[in-house]
Every structure is written in C-alpha cells, then in structure tokens.
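Colleague: Once you've had a glance at the structure underneath, I'll fire off some questions.
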C-alpha cells in the first residue's frame, strides 16, 4: 500500500505590501461580474524539481520578501472584501504558510494521485473556512526532503480570476528571481553613515567613500557566509581621467577616458572605518602615481602579480564600483518635457558590479547592486545595510509631476 505524504506546518505569517497603499487607492469598486461572483477559493499547485542543496529557510525568506514587494503592485490582493460592491485595500495582507513534507517529490510524480495534493494545500483541502471574510490570497510553500518545492495558491474568485492569478505569479516570480537590487539611501542616512565611518585618519569621508565601504563590507560578508570561509577582496573604482591628465581633456571628449583605482583587503574581517581608510589611501596613490603608472605599464589596473594570479584562479572576491554621482544623468536627459523622474539600469550579467547614481532631487543616492544569485539573498537581508538603506522603495514623484501624469492620462 502506498504511503501517504504528510506535511508539517512550520509557521503561518501575514505578509503585507512593503509600502502602504496611498489613501486615494484604498477603495476598489467591483465590476458587475465581480459583484455577482462567488467568494470561493480556487487552488493551483506548482511543483518544482530542485536539487537537495536548496536551503529551505533562505528560499522561504526570499519568497516572503519578494511577495511583500509584489503586493505593492497588486495591492487589492492584500485587502479584504468590504461588501458585495467593493474591496477595502487596507494592506491587511495575504497569508503565507511554510511547510515541510516527510517524503520526496518523486513519490508523487511516480504516481500522481490528486488526493496527495491536499497536503500541499492550505487547510488540507478541507473547505474554505474564511472565504469572503479573510485574506483574498493564501499561499503555501512546501519543501520536500529531496529539495523539491511545492507552491500552492488559494485565491478568492471574488476578485482574482485565472488570468489575474497567472499575471500575479509571473510578477512575483520575476521579483523573487531577480539577481540585482536597488537600494536607496536618503540624505539623513548618508550623513549618519559618514559620521559613523569617520576616523582620525579620514575625519571627513565623502558620501561615496562611506557608501562604498558599507556595500563592500556587506558584500564580503555575503560571500563569506555563502562559501563558508573568507577570501581576500579586490575593489576597483572607475575614475574619470579627463580632469586628471596633463593637459586635461575636455569634458566633452569621447572615448574610454577612465582608469581604475584598486583597493585590496586580506581575508580578515574589517570594520567600516578600516575600509574607508583603504579607499582613501587608494585614491591618494592613484592621484599621485596613477597616470604615470598607467603610461609605464600600459595597464588600466595596477595590481601585483600575486593578486592577478588569485583573480585568474578565482581565489579573490572582485568588486567593480562606478559612481555617477557627479554626472548630469537627470539634468542632461531633458528632451523638452522635463527631467526623467527615475534613471535605472538593466540587469548586468557580470556579477559583483555596483553603480551609484544620485536620486532625482540630488539629496540621496541610489545603489544598484549586482551580485551572484547565491550572494544576493544574503546581502539584501544584511541588517547593517538595511539600517541605512531602503530596499527598492517606490520612486518618489513630486506633486507637480503627478499632476502632469493625471492630465496626460485624461487625454
């Protein structure tokens, strides 16, 4: 007789949108078709064959954080049925259930008995006890012993039809698998960070130095946590050579007029103040000798042979930083209808790339961080990082811009 798979529930949690829904969007009037529809739940189960190296807790956390971010775009899903005519978009959230199966995914695949799927379904398939009263969306993720995963969605047909559910899953999956993230540092947090990293050696660190040190440290920590051991690191910062060479080049000159300022660490852990000192020393050395060394060696990156060997053997963590803080990325892109409200960058295929750019108002800094798929989930949960940064917040649009959107949309 075939053994029945059992699922032990590890926890239940209400996941809310990562940012509150604006007041003017708090009430959603249902269409006539929605009003006459039943509040029953529709269940869909997605089964994944994943290797047994999957870390259940890490995946679960990533699913929850990406779900929270996705709900900002699907904010009605996080609301509640108010009456037959409307949904109250009150950000009360969706339910997320974390389970562990006592068997292997292959046990179901070899004999796909639909009755087994009730174990991966919220409430075990025993009716819909809160239909029309509770969450409009309930999700259960179940991890098998082999590393396989089942994700089950239970959605209220009062609001969510098959296509709506499919679009939601596609968006959630896109956010969850993203290998890059946008971190925003406002002016006050940058000032606080600068004060914390200041030292006798570097009493007045720049915003870029302070932020680069923070991201460098957190990226090194993620690499160490993922690999299980620490490695030396090499950070290179792109430098605009136009004003450095003698005689200086015109800022309008075209071509790759850049050099790379290297800063290195051993495998030992370093505090932020130490990393800022490393960056300042590298900057001073480049200012004094960088151009001459470039001309003599005809190499854009001046590092020792041993460092080059480690890099070629993948025995060192390599990070590439580019700061566009002083570039007119917003002002220079005004085609006659105003500055762009947001400047972003497509995903880089090369990992360990960081791009810094000013926010539209010039007061804050946005960091676009591209790490490996293994390091990124650890990096983005760093409490040290998140004490200064906001992970991918909505783009701030001033009231004047909002008004222009409204007038255009009404045409």
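The values are calculated or read from the model by the stated rules, or taken from the named source; none is laboratory data. Keep in mind it's a predicted model, so treat the numbers as computed, not measured. Heads up, the Cβs are rebuilt from the backbone with ideal geometry, glycines too, and the neighbour counts pull from every protein chain shown.
Colleague: How do the helices (runs of 4 or more DSSP H) wholly within segment 268-341 filter down when requiring 1 or more residues that are modelled with pLDDT under 80 and in the same structural domain as residue 225 (by TED's automatic domain parsing): which remain?
Modeller: Hits in segment 268-341: 291-297, 305-312.
Rundown of residues vs (1) touching a strand residue (DSSP E or B) at 6+ places or on another chain (Cβ under 9 Å); (2) crowded, with 21+ Cβ neighbours inside 10 Å, yes/no style:
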{"residue": "90", "(1), (2)": "yes, no"}
{"residue": "96", "(1), (2)": "yes, yes"}
{"residue": "102", "(1), (2)": "yes, no"}
{"residue": "108", "(1), (2)": "yes, yes"}
{"residue": "112", "(1), (2)": "no, no"}
{"residue": "115", "(1), (2)": "no, no"}
{"residue": "121", "(1), (2)": "yes, yes"}
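Colleague: Still on this structure, please answer the following. Please enumerate the residues belonging to segment 194-209 that are over 21 Å from the mean Cα position of the chain (by Cα) and part of a helix (DSSP H, G or I).
Modeller: Matches in segment 194-209: 194, 195, 196, 197, 207, 209.
Colleague: Hey, can you tell me all the residues within segment 210-245 that are in contact with a helix residue (DSSP H, G or I) (Cβ under 8 Å, 6 or more places away or on another chain) and modelled with pLDDT under 85?
Modeller: Listed by number, the residues that qualify are 239, 241, 244, 245.
Colleague: I'd like the full set of residues that are out of contact with any helix residue (DSSP H, G or I) (no Cβ under 6 Å at 6 or more places or on another chain) and part of a helix (DSSP H, G or I), limited to segment 68-106.
Modeller: 68, 75, 76, 77, 105, 106
Colleague: Let me ask something else. Spot the failing condition for residue 160; the list is (1) surrounded by fewer than 19 Cβ atoms within 10 Å (Cβ to Cβ); (2) outside any helix (DSSP H, G or I), and only one is missed.
Modeller: Status for residue 160: all satisfied but (1).
Colleague: Inspect segment 365-380 for any residue being crowded, with 17+ Cβ neighbours inside 10 Å, over 24 Å from residue 238 (Cβ atoms) and modelled with pLDDT of 85 or more and give the result as yes or no.
Modeller: There is at least one residue in segment 365-380 that is crowded, with 17+ Cβ neighbours inside 10 Å, over 24 Å from residue 238 (Cβ atoms) and modelled with pLDDT of 85 or more.
Colleague: Looking at (1) modelled with pLDDT under 90; (2) within 23 Å of the chain's Cα centre (by Cα), can you tell me which one residue 42 breaks?
Modeller: (2)
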